[in-house]
Every structure is written in C-alpha cells, then in structure tokens.
Amino acid sequence: RSNLLQAVSQHFKHLSLAMTEQGYAVDDPFLRGMLGEASLEATADFFYGASHGEPLAGRFGDLLQKHQAELREIGNASDEKSSKALFRKWALMHDVRIFHTEGGRCGIGLIPLKARCHDLAGTSHWSNKEPNYETREPAVCAGCHCYAIDRETSPFWTARHRENRDIYADAEALGLAGEYRVPLRRA
C-alpha cells in the first residue's frame, strides 16, 4: 500500500501521503478499492511481524509486545503465507487497519479513545477508525498510545534527530541556542 500511495503522491506532487490518500484516492472507487486491499495486506504484514517479535518502539509497540502470545494465536499457522492470511481475515472481520506513515504505524482502530490526534482536535470517539489527518504530525504521533515505530520507519526518526541536532548545533555555534528550543526538543 505504501508503495502505491507514494507513487501516486509523487506523481501528483502532493506534500504528504495523507493528502494523496484523503484528497485524491477517496474520490476514485477503483483506486479506493486497490488502496483498501493494499492496506489490508500491509496490516496483515505488520501484525505478522509483531507476532514474531519484530522490534517495535512506542506505546502501541509496547502494547503489542505485551500481547505477542495472543497475536501468535490469531496468526497460528504452519507457514508465513498462511499466517498472514489469518491476520488478513482477522483484520477484515474486526475492521482493523494499521495506518502507515513515513515515521510509524498507527493502530487507532484497536484503541481509538487513546488517539492524541483526535484528542487535540476535540474529535475523540470510540468509533474512530482513522487518525485525524488535520492534527496528525510526527510530534503528535510520537507520544500516542496508538503509534508504533518499526524497523522500516526508524530511518525517519534517525534522520529527524540528526537534522534537528545539527540545526541546534549551528545555532549554538552562532550564540543563538536560546532561539532554537524547538529543534533541541525534537532532537
């Protein structure tokens, strides 16, 4: 899914994948169907990885690691393909999707009342199945109970840390460190 979204996003020069997904894809039933299928496959892949001990960071990652045995029961099959098919079936049956961003994975469908993006927007509700795209950003997601960082998304955070550390170091060298508290906090 993320590869398809990225290709469409780059083609239309959108600033973010959320813009592509919410602004363009929802208007085209064929593309919406393709994205839905790709989302389901990516969700199954994510839960398969989590059930097999893929390292996860963040509050949602911690939650999944605590329940790794239960995840293994859901995807209990003799091979990877069959296990992913079980996760796909489970996600479809419970209408659970993992929302993939450049920096992490959002599992809002499992714990919607814990979503910081909806809390900030004043739109918290038990029936929320998607993040609030208007308030979702890395700083909001990073501390959210619905957010996990996996191996695939960790380069985003490494680059973000380096960039903000370097900005702050440059400001410090110029004697302007006090004016650059945001990059310091981000680093």
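For residues in segment 109-119 being closer than 11 Å to PRO131 by Cβ and either touching an Asp or Glu at 6+ places or on another chain (Cβ under 7 Å) or part of a loop (DSSP other than H, G, I, E, B) (or both), which is modelled with the highest pLDDT?
ALA115
The rows are residues; the columns are (1) charged (D, E, K, R); (2) within 21 Å of the chain's Cα centre (by Cα); (3) farther than 17 Å from LYS114 by Cα.
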| site | (1), (2), (3) |
| --- | --- |
| ALA139 | no, yes, no |
| THR153 | no, yes, yes |
| ASP166 | yes, no, yes |
| ASP170 | yes, no, yes |
| ALA173 | no, no, yes |
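List, please: which pairs have Cβ atoms under 6 Å, are six or more places apart or on different chains, and start with a residue in segment 136-161 that is over 20 Å from GLY49 (Cβ atoms) and end with one that is outside any helix (DSSP H, G or I)?
Every condition considered, the pairs that remain are PRO138/GLY103; HIS161/ALA187.
Keeping to segment 124-152, report how many residues are among the aliphatic types (A, V, I, L, M) and more than 23 Å from GLN65 (Cβ to Cβ).
Within segment 124-152, the first condition is being among the aliphatic types (A, V, I, L, M), and the residues that meet it are 139-140, 142, 148-149.
If we keep only those that are more than 23 Å from GLN65 (Cβ to Cβ) too, we end up with 139.
Residues flagged as among the aliphatic types (A, V, I, L, M) and more than 23 Å from GLN65 (Cβ to Cβ) within segment 124-152 amount to 1.
List the helices (runs of 4 or more DSSP H) that sit entirely inside segment 34-108 and contain at least 1 residues that are under 27 Å from ALA139 (Cα atoms), among the small types (Gly, Ala, Ser) and in contact (Cβ under 8 Å) with a residue 12 or more places away in the chain.
Details: elements: 59-66, 68-74, 80-94.
Per the criteria, 59-66.
Residue check: is LEU92 closer than 15 Å to GLY36 by Cα and of a type outside the set (Gly, Ala, Ser)?
Working: closer than 15 Å to GLY36 by Cα: yes; of a type outside the set (Gly, Ala, Ser): yes.
Taking the combined requirement at face value, the residue satisfies it.
Can you tell me which of ALA177, ALA173, ALA139 is open to solvent by less than 50 Å² (accessible area, probe 1.4 Å) and aliphatic (A, V, I, L, M)?
Working: ALA173 fails: open to solvent by less than 50 Å² (accessible area, probe 1.4 Å); ALA139 fails: open to solvent by less than 50 Å² (accessible area, probe 1.4 Å).
Of the residues listed, the single one that is open to solvent by less than 50 Å² (accessible area, probe 1.4 Å) and aliphatic (A, V, I, L, M) is ALA177.
The values are calculated or read from the model by the stated rules, or taken from the named source; none is laboratory data. Just so it is clear, the model here is predicted, and its values are computed rather than measured. A quick note on method: Cβ atoms are made from the backbone with ideal geometry, for glycine too, and the neighbour counts reach across all protein chains shown. Calculation scope for accessible area: heavy atoms of the full protein, side chains included, ligands and nucleic acids excluded. Shrake-Rupley method; radii C 1.70, N 1.55, O 1.52, S 1.80 Å.
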